[in-house]
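Throughout, read-outs are computed from the coordinates displayed, never taken from laboratory work. Every value quoted in this text rests on a predicted model; they were computed, and no experiment measured them. Cβ atoms come from the backbone with ideal geometry, glycine included; neighbour counts cover every protein chain shown.
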Amino acid sequence: MTLQIRTGTWAELQCDAKPIREQVFIQEQGIAEADEWDAQDQVSQHFVVYADEHPIATARLLPNHSIGRVAVLAAHRGQGIGKLLMLDMIQQAQQQQRPLLQLSSQVHAIAFYQNLGFEVRGEAYLECGIPHIEMQMNLVESA
């Protein structure tokens, strides 16, 4: 299996990213379509992972340094695809000289993000009926 990560605008990648998010968030997790699609897609940098040219994972990086909509198709979970995607996003954010990255993790995924270097911030809360928690990673060394 050959893996490739492409990054671009929503206009460039939505035909590949949208079906993944529909499958994972709307169908599997029961999130309402109105909650899934927002204006942030237009201003975000999007990432799509391809396995042998088939889109299997996606995420977006917002102007406010937030990572969101991280999704890997069920058949490809547990193979390190999400980690590969996140490492690529972290590397891009460093190249863009962003000071930090933040995300709202589903509570079940906290350890996944902690292993990448994110730290929990605050208390868990419900978003679209699913427990989430804020997490952050500083990208610049403090003096």
### Query
So which residues in the stretch 102-119 are of a type in the set (A, V, I, L, M, F, W, C) and exposed (fewer than 15 other Cβ atoms within 10 Å of the Cβ)?
Val107, Ala111
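Yes/no per residue for (1) under 26 Å from Cys128 (Cβ atoms); (2) crowded, with 19+ Cβ neighbours inside 10 Å; (3) touching a residue at least 12 places away in the same chain (Cβ under 8 Å); (4) not acidic (Asp, Glu):
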| position | (1), (2), (3), (4) |
| --- | --- |
| Thr58 | yes, yes, yes, yes |
| Ile67 | yes, yes, yes, yes |
| Leu87 | no, no, yes, yes |
| Leu100 | yes, no, yes, yes |
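One line per residue, one yes/no per condition, for (1) closer than 29 Å to Ala34 by Cα; (2) part of a loop (DSSP other than H, G, I, E, B); (3) out of contact with any Asp or Glu (no Cβ under 8 Å at 6 or more places or on another chain):
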residue	(1), (2), (3)
Gln97	no, yes, yes
Leu101	yes, no, yes
Glu123	yes, no, yes
Leu126	yes, no, yes
Met135	yes, no, no
Val140	no, yes, yes
### Task
Evaluate the stretch 4-20: report whether one residue or more is touching a helix residue (DSSP H, G or I) at 6+ places or on another chain (Cβ under 6 Å), aromatic (Phe, Trp, Tyr) and under 23 Å from Pro131 (Cβ atoms).
no
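So that you can scan it fast, the table gives a plain yes or no per residue for (1) in contact with a Lys or Arg (Cβ under 9 Å, 6 or more places away or on another chain); (2) touching a residue at least 40 places away in the same chain (Cβ under 8 Å):
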residue: Thr2; (1), (2): no, yes
residue: Ala11; (1), (2): no, no
residue: Cys15; (1), (2): no, no
residue: Gly30; (1), (2): no, yes
residue: Ala34; (1), (2): no, no
residue: Ala39; (1), (2): no, no
residue: Val49; (1), (2): yes, yes
residue: Asp52; (1), (2): no, yes
### Message
Pull out all pairs, ordered by first then second residue, where Cβ-Cβ is under 8 Å, the residues are six or more apart or on different chains, the first lies in the stretch 107-123 and is under 19 Å from Leu84 (Cβ atoms) and touching a residue at least 40 places away in the same chain (Cβ under 8 Å), and the second is among the basic types (Lys, Arg) and not in a helix (DSSP H, G or I).
### Response
none
### Task
Can you give me the ranges of the strands (runs of 3 or more DSSP E) entirely in the stretch 29-73 with at least 3 residues that are in contact with a Pro (Cβ under 7 Å, 6 or more places away or on another chain) and on the phi < 0 side of the Ramachandran plot?
none
